[in-house]
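Notes follow once the structure below has been shown.
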2 protein chains.
Amino acid sequence: MLDPQDWQAFRALAHAALDDAMAYLEGVRERPAWRPVPDEVQARLAEPLPQDPTPLQAVYDEFAQSIMPYHSGNIHPRFFGWVQGSGTPTGALAELLAATMNPNVGGRNHGAVYVERAVIGWFRELFGFPEAASGVLTVGTSAANLIAVLVARTKILGPHVRETGVNIEGGRLIAYTSSATHSCVRRAFEVSGLGSASLRVLGTDSLHRIDPTTVARMIAEDREIGNRPFMVIGNAGTVDVGAIDPLDELAEICAREELWFHVDGAFGATAMMAPSLAPKLRGIERADSIAFDFHKWLQAPYDAGCLLVRDGELHRETFASTPNYLTRMPRGLASAQPWFTDFTLDLSRSFRALKVWFTIKEHGAKRLGEAMEANVRQARLFGDLIDANEAFELLAPVQLNVVCFRYRRDGMNEAELDAGNDEIVIRLQESGEAVVSSTVVSGRRAIRICIVNQRTTDDDVRFTLEAIERIGNELIA
Amino acid sequence: MLDPQDWQAFRALAHAALDDAMAYLEGVRERPAWRPVPDEVQARLAEPLPQDPTPLQAVYDEFAQSIMPYHSGNIHPRFFGWVQGSGTPTGALAELLAATMNPNVGGRNHGAVYVERAVIGWFRELFGFPEAASGVLTVGTSAANLIAVLVARTKILGPHVRETGVNIEGGRLIAYTSSATHSCVRRAFEVSGLGSASLRVLGTDSLHRIDPTTVARMIAEDREIGNRPFMVIGNAGTVDVGAIDPLDELAEICAREELWFHVDGAFGATAMMAPSLAPKLRGIERADSIAFDFHKWLQAPYDAGCLLVRDGELHRETFASTPNYLTRMPRGLASAQPWFTDFTLDLSRSFRALKVWFTIKEHGAKRLGEAMEANVRQARLFGDLIDANEAFELLAPVQLNVVCFRYRRDGMNEAELDAGNDEIVIRLQESGEAVVSSTVVSGRRAIRICIVNQRTTDDDVRFTLEAIERIGNELIA
């Protein structure tokens, strides 16, 4: 009833839209890295609920005019803001195909289920996890970290916590992580009812890594005062500077103290595909759970993340339920246990595995690893250029693919430096030449460059740094 | 670096894939409603992590051969299992376009943000919510219900619950809902640390609706024994039989008792678009929060749901945080507050609003409402045919778009009826003629038909019921 009345016309429109999309990606370098959404476009989009039909061609034209020009920048070769993958044309095509099949991948017996299982198997293999490990695709690492906290909660409190709820009588549960850990981990503690007071946030060393000695000492102190240590969360690539915690040492502590060892590897974990980077992640294979994204360094389109759990049965016990209307059957569509709904928050789930499957099949782990290595080299190039230029000051060592620095001139005080560097970030975005973002490193406002972009070239690095210097100089003048 | 070496060749492949996808949807009626994934296909997909690249054409061919034929049925006109929308070709095209732009819709200032805001505004309007109400798109109603529970938790315990965690000292928080409520609501209580013991599950009346008198009585009893009532969860369309709770009466109780009134309207809430169905939902406009899906009766491809919250500020206080690396700026890409990350679980989020925007723009609320009304008429037709046929027994009144019944013959005992009806469901799926699912109604195994399918015709209804009778007769013989 909602299918095209005229399939021929629909096909013509779809082919034209596909051409537009491909031209958009092929020519992305020629267009601004970002542009603001004009007020009149914002106003046009804020229309009342459409009551009547609009010819699809007119809808598409509105999209092409009012929406498509205003991407968020990350598809552009000179986008270095936050931690955002750039995607690939293949990934976009895979999304079309996934939505054409349009399965609900909550479970059951159909093709998408086996694709998601295959993808999970690939990462079980990459991280050296056992066959019995479970996995599930999520929107991203935020949800994956939350699920990890919930599974660790089941481990320490038992599956009956699902019924009884969390009760801090009997000692507060305590987890340990560094101040460099992403805010979504704190959110996981908030959501789970444990409360962020259960997350002990420890200072970092000069390389922005957690100090295992401090972790061990705090565990002892917590036990002493009647708290219940249950979890350590290590970082494989911190958001601010790209630091990797000493995972092997954390794994050792967790083994000794019988704590759950979770690794937040949102972007860094997939560097296991790069031979020159994998050694930095030593110890990740000992984790109880690993959370990571496909839409960052693996270039799948938004959104797709994953959680792997060594103890698959514990993972299942944290979520599994079988209401009457989800009865499993020995044959037919309702077969093929276990269902993904028994491992995650969501009962309805899209076929997000397909874009990951296409990406990894097309390029293979080696080439994807090479693309990451290229980004790491580009970050080093940024760092070298910054080091060699007295207009800039590096604010943290370049350890992976992130560079934090600031523009400076003699005579600028700290307040002027903070305000000036924020203004540079904004003006660079407004210029459309490149996108970088802001953060704070050791109390100082930093310009932050994070390269998880398969389209970036060394020339883009040089061009961007020159633009930043030019804007800084204009600001001073 | 991962973009096509040869764009011309990529375009040719993409156009061919688009043709395949359109032919797939145009011809969906001619193919089986479902078919099992053969063992050899399962084995082929379970390959090790690909290390080396594969030409995209070969990857696509493998998709076309090993994945595409095995959809999960819901795109077929004779799919009536669970509660699954069938999607539209426009929705699939929108997914291609969304992944081409590939924004992270966590926040910031770009086109996708204004599209999501527009979609939220449309549903605020549909449900008569005020301008100050907040909204956010989610994977689905599971996440939306979870977020609603978390906002209600903030309301009763205060925002400091994020830090302190849940503590049942001082009286257990209690929410009220019916035994017909979806399992994801229980999961929300498990995840949030309140525990399912905080969810009081009440029996239903003959129409499978909650009894407001019982709710009021239980609230009084709970207060009496020192528990803390805080929330009522009403259903706008129960999963098993499509019942709608007396929302207006529940709203009245919540107003009087100062409890949070949440409506789980996973599929039913969007029936507000249908003039003949909207009156059944009276009282939904008084809810504190409403959760619903776009991938069910609104036919957007998987996945997309939504939560609306009347008190937008409370919603924000439940999640908002601004770490250094997410600093908001007055201009540039990091402007345009508030960000969606302050209202939901996930920090990275895809452009799922676009498929909703395209769907509602193309068809308008009226036609979408008509499609729902057609499904309700078809359910009634199913019910009438079942009533008129002594081989069948209706197990619940047909109230909306769900029909629960069983095949029966004189002399079959209850155990035989249960086993026989499950077997009919499986055999029908295996025949590829249609897909229905199973549930339990009043202790009896039921064949369950739920029509949220824009492709279904009245002839599909008749054909499916004849197939069920034929399979039942074969089973007896």
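Out of B:45, B:13, B:18, one residue alone is touching a Phe, Trp or Tyr at 6+ places or on another chain (Cβ under 8 Å) and at the interface with chain A (Cβ under 7 Å from one of its Cβ atoms). It is B:45. If the condition is being crowded, with 22+ Cβ neighbours inside 10 Å and either not assigned by TED's automatic domain parsing to the domain that holds residue B:256 or not aromatic (Phe, Trp, Tyr) (or both), then the stretch B:181-195 contributes B:181, B:182, B:184, B:185, B:187, B:188, B:190, B:191, B:192, B:193, B:194, B:195. Give me the residue from the stretch B:249-266 that is among the charged types (D, E, K, R) and touching a helix residue (DSSP H, G or I) at 6+ places or on another chain (Cβ under 7 Å) and, out of that set, surrounded by the fewest Cβ atoms within 10 Å (Cβ to Cβ). Taking the candidates together, the pick is B:257. Candidates A:402, A:452, A:435, A:425: the one that is crowded, with 21+ Cβ neighbours inside 10 Å, of a type in the set (Val, Ile, Thr), without any contact (Cβ under 8 Å) to a residue 40 or more places away in the chain and in contact with a Ser or Thr (Cβ under 9 Å, 6 or more places away or on another chain) is A:425.
In the stretch A:129-136, is there at least one residue being modelled with pLDDT of 95 or more and within 10 Å of chain B (Cβ to nearest Cβ)? No, every residue in the stretch A:129-136 fails to be modelled with pLDDT of 95 or more and within 10 Å of chain B (Cβ to nearest Cβ). Identify the single condition in (1) surrounded by fewer than 23 Cβ atoms within 10 Å (Cβ to Cβ); (2) in contact with an Asp or Glu (Cβ under 8 Å, 6 or more places away or on another chain); (3) aliphatic (A, V, I, L, M) that residue B:386 does not satisfy, given that it satisfies every other one. Among (1) surrounded by fewer than 23 Cβ atoms within 10 Å (Cβ to Cβ); (2) in contact with an Asp or Glu (Cβ under 8 Å, 6 or more places away or on another chain); (3) aliphatic (A, V, I, L, M), the lone unmet condition for residue B:386 is (1). Considering only the stretch B:329-349, state which residues are within 30 Å of residue A:193 (Cβ to Cβ), of a type in the set (S, T, N, Q) and either surrounded by fewer than 22 Cβ atoms within 10 Å (Cβ to Cβ) or more than 7 Å from chain A (Cβ to nearest Cβ) (or both). Those that are within 30 Å of residue A:193 (Cβ to Cβ), of a type in the set (S, T, N, Q) and either surrounded by fewer than 22 Cβ atoms within 10 Å (Cβ to Cβ) or more than 7 Å from chain A (Cβ to nearest Cβ) (or both): B:337, B:341, B:344.
Residues are listed down the side, and each one gets a yes or a no for (1) buried (at least 22 other Cβ atoms within 10 Å of the Cβ); (2) among the hydrophobic types (A, V, I, L, M, F, W, C); (3) within 8 Å of chain B (Cβ to nearest Cβ):
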{"position": "A:311", "(1), (2), (3)": "no, no, no"}
{"position": "A:318", "(1), (2), (3)": "yes, no, no"}
{"position": "A:327", "(1), (2), (3)": "no, no, yes"}
{"position": "A:351", "(1), (2), (3)": "yes, yes, yes"}
{"position": "A:364", "(1), (2), (3)": "no, no, yes"}
{"position": "A:377", "(1), (2), (3)": "no, no, no"}
{"position": "A:380", "(1), (2), (3)": "no, no, no"}
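With B:59, B:119 as the choices, which residue is in a helix (DSSP H, G or I), aliphatic (A, V, I, L, M) and farther than 17 Å from residue A:96 by Cα? Walk me through how you get there before you give the answer.
Values: B:59 fails: farther than 17 Å from residue A:96 by Cα.
Result of the check over B:59, B:119: B:119.
Within the stretch A:424-446, if we keep just the residues that are out of contact with any Gly (no Cβ under 9 Å at 6 or more places or on another chain) and among the charged types (D, E, K, R), the residue that is nearest to the other protein chains (Cβ to nearest Cβ) turns out to be A:444. Against the definition (more than 7 Å from every other protein chain (Cβ to nearest Cβ) and under 30 Å from residue A:71 (Cβ atoms)), how does residue B:65 come out, yes or no? Answer is no for this residue.
Screening A:58, A:94 for residues that are small (Gly, Ala, Ser), more than 7 Å from chain B (Cβ to nearest Cβ) and touching a residue at least 24 places away in the same chain (Cβ under 8 Å) leaves exactly one candidate, A:94. Say whether the condition of being over 19 Å from residue A:353 (Cβ atoms), outside the structural domain of residue B:270 (by TED's automatic domain parsing) and crowded, with 19+ Cβ neighbours inside 10 Å is met by at least one residue in the stretch B:54-69. The answer is no; no qualifying residue exists.
Any residue that is within 12 Å of chain A (Cβ to nearest Cβ), farther than 24 Å from residue B:268 by Cα and surrounded by fewer than 20 Cβ atoms within 10 Å (Cβ to Cβ) - is there at least one of those in the stretch B:197-219? Scanning the stretch B:197-219 turns up at least one residue that is within 12 Å of chain A (Cβ to nearest Cβ), farther than 24 Å from residue B:268 by Cα and surrounded by fewer than 20 Cβ atoms within 10 Å (Cβ to Cβ).
Give B:7, B:34 a once-over and let me know the one that is at the interface with chain A (Cβ under 7 Å from one of its Cβ atoms) and in contact (Cβ under 8 Å) with a residue 24 or more places away in the chain.
Values: B:7 fails: in contact (Cβ under 8 Å) with a residue 24 or more places away in the chain.
On inspection, the qualifying residue turns out to be B:34.
Filtering B:143, B:98, B:92 for residues that are surrounded by 23 or more Cβ atoms within 10 Å (Cβ to Cβ), at pLDDT 95 or above, part of a helix (DSSP H, G or I) and in contact with a Phe, Trp or Tyr (Cβ under 7 Å, 6 or more places away or on another chain) leaves a single hit, B:98. Under the condition of being over 21 Å from residue A:280 (Cβ atoms), touching a strand residue (DSSP E or B) at 6+ places or on another chain (Cβ under 9 Å) and touching a residue at least 60 places away in the same chain (Cβ under 8 Å), the residues counted in the stretch A:369-399 number 4.
Here is the figure for the stretch A:338-360: residues that are over 17 Å from residue A:146 (Cβ atoms) and either without any contact (Cβ under 8 Å) to a residue 60 or more places away in the chain or not in a loop (DSSP other than H, G, I, E, B) (or both) total 8.
Please work out if residue A:73 is farther than 20 Å from residue A:355 by Cα, in contact (Cβ under 8 Å) with a residue 24 or more places away in the chain and at the interface with another protein chain (Cβ under 7 Å from one of its Cβ atoms). Judged against the criteria, residue A:73 is a match.
Let's see how each residue does on (1) small (Gly, Ala, Ser); (2) farther than 30 Å from residue A:426 by Cα; (3) out of contact with any Lys or Arg (no Cβ under 6 Å at 6 or more places or on another chain):
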{"position": "B:5", "(1), (2), (3)": "no, yes, yes"}
{"position": "B:8", "(1), (2), (3)": "no, yes, yes"}
{"position": "B:17", "(1), (2), (3)": "yes, yes, yes"}
{"position": "B:24", "(1), (2), (3)": "no, yes, yes"}
{"position": "B:33", "(1), (2), (3)": "yes, yes, no"}
{"position": "B:85", "(1), (2), (3)": "yes, yes, no"}
{"position": "B:92", "(1), (2), (3)": "yes, yes, yes"}
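Taking the listed residues B:175, B:143, B:148, the one that is within 30 Å of residue B:438 (Cβ to Cβ), in contact with a strand residue (DSSP E or B) (Cβ under 8 Å, 6 or more places away or on another chain) and within 11 Å of another protein chain (Cβ to nearest Cβ) is B:143, with no other qualifying. The number of residues in the stretch A:115-127 that are surrounded by fewer than 24 Cβ atoms within 10 Å (Cβ to Cβ), in contact with a helix residue (DSSP H, G or I) (Cβ under 7 Å, 6 or more places away or on another chain) and at the interface with chain B (Cβ under 7 Å from one of its Cβ atoms) comes to 3.
Look through A:346, A:387, A:418 and report the one residue that is modelled with pLDDT of 95 or more, among the acidic types (Asp, Glu) and within 30 Å of residue A:309 (Cβ to Cβ). Explain how you work it out, then say what you get.
Numbers: A:387 fails: within 30 Å of residue A:309 (Cβ to Cβ); A:418 fails: within 30 Å of residue A:309 (Cβ to Cβ).
Testing whether each residue is modelled with pLDDT of 95 or more, among the acidic types (Asp, Glu) and within 30 Å of residue A:309 (Cβ to Cβ) leaves just A:346.
Only one of the listed residues (A:78, A:108) is touching a residue at least 60 places away in the same chain (Cβ under 8 Å) and in contact with a helix residue (DSSP H, G or I) (Cβ under 6 Å, 6 or more places away or on another chain). That residue is A:78.
The values are calculated or read from the model by the stated rules, or taken from the named source; none is laboratory data. Everything numeric in this text was worked out from a predicted model, so none of it was measured. Note: ideal-geometry Cβ built from the backbone for every residue, glycine included; neighbour counts use all protein chains shown.
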